[in-house]
1. Take peptides 90-98, 159-167, 14-22 and line them up by average Cβ neighbours within 10 Å, highest first, as a rough protection proxy.
2. Using Cα pairs closer than 8 Å and at least 6 residues apart in sequence, work out the relative contact order for the chain, in percent.
3. So for the pair Thr119, Asp24, with labels modelled 7 Å out along Cα→Cβ, what separation do we get in nm?
4. What FRET efficiency do you get for Ser110 and Lys225 if R0 is 25 Å and r is their Cβ-Cβ distance, rounded to the nearest 0.05?
5. To the nearest 10 degrees, how steep is helix 140-161 against the longest Cα principal axis of the chain, on a 0 to 90 scale?
6. Would you kindly state how much longer the chain becomes between Leu248 and Ser40 on full extension, computed as 0.36 nm times their sequence separation minus their alpha carbon distance, in nm to one decimal?
7. Report, to the nearest 10°, how far helix 192-207 tilts away from the longest principal axis of the Cα atoms in the chain, using its own Cα long axis and a range of 0 to 90°.
8. Roughly what would the spin-label model give for Asp57 and Phe161, points 7 Å off Cα along C-beta, in nm?
Amino acid sequence: MKEHIIITGASKGIGLALAQICIDAGYKVTGTSRNIHTISSENIIPGVHYVNLDLLDLHSISSFCETVPEADILINNAGLSQIGAVEDLRSETVEDLFRINLFGTIQLDSFYARKMRITGRGKILHVSSLAAHTPVPFSSIYAATKAALDAYAFAFRSEMFQFGVFVSNVFFDFVNTSLPQINNDDVTEIYEEQLSASKTKRDKSISDGMSPEYVANQIFKIIGKKSPALYNPIGKRTRRMYFLRRFLPTRLVEYLIRLRYELI
């Protein structure tokens, strides 16, 4: 019997590439999008069952769980990014970021973990970010959501381990894909130049980043392991940065980040 994989955010980028890999490998795949009717024809993968899921909407999440009641593997890939100074953040922006990157994910986990616990097997994987470990200026709330996701996964993994269910996070820095991003509507004048420079650096890093196909292949290898690790850095640069962050003094890391973003 084919294992069933749910991939959130499967209409483009990493989710799209991962859905294709899983279909080719013989898995049964359910892919989500906020509106499946707006998925471009070239991004429709034959064999994938597409279902609407809006992580901002509690009713949408409940409806999805009713429509797709079981899964062997849950991959929480859908996410939202952010750029802007903390001074300029609207409360709605903060709430939306946490709802999509954390609260909605937890609601899905809670539902499918119960099913997996009963069967005594399953894997739950979250797409986190290197930003959880090395937060950068002007993406503070995005980093906060991913740091919370990492801490949550750490504790959740211990709860589920006894039942044969593995909880894992993958993380990386820049991928050449279009992650939806919230920009502040109003920018305080003093930040305009710094924010513009930060966005330029970020856009350049994204264009030079890893391909979605490469990242998807690495995720596929991780979910194929009998006992995947808790934290899984993807890419040489990510592994190097993760290592350095763990062992370098925090003040030095702060200085290097400020230096890169010209905030010295």
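Throughout, read-outs are computed from the coordinates displayed, never taken from laboratory work. On a predicted model such as this, the values are computed, not experimentally measured, just so you know. Here the Cβ positions follow ideal geometry from the backbone for every residue, glycine too, while neighbour counts run over all protein chains shown.
1. Details: 90-98: 14.8, 159-167: 16.6, 14-22: 24.6.
In decreasing order of mean packing, 90-98, 159-167, 14-22 become 14-22, 159-167, 90-98.
2. Numbers: 431 pairs, mean separation 51.9, N = 264.
In percent, rounded to a whole number, it is 20.
3. 2.5 nm
4. Values: r = 24 Å, r/R0 = 0.96.
Efficiency, from the Cβ-Cβ distance: 0.55.
5. The angle comes out at about 30 degrees.
6. Numbers: separation 208, 0.36 × 208 = 74.88 nm, distance 4.51 nm.
Extra length available between Leu248 and Ser40 comes to 70.4 nm.
7. 40 degrees
8. Computed distance between label sites Asp57 and Phe161 equals 3.9 nm.
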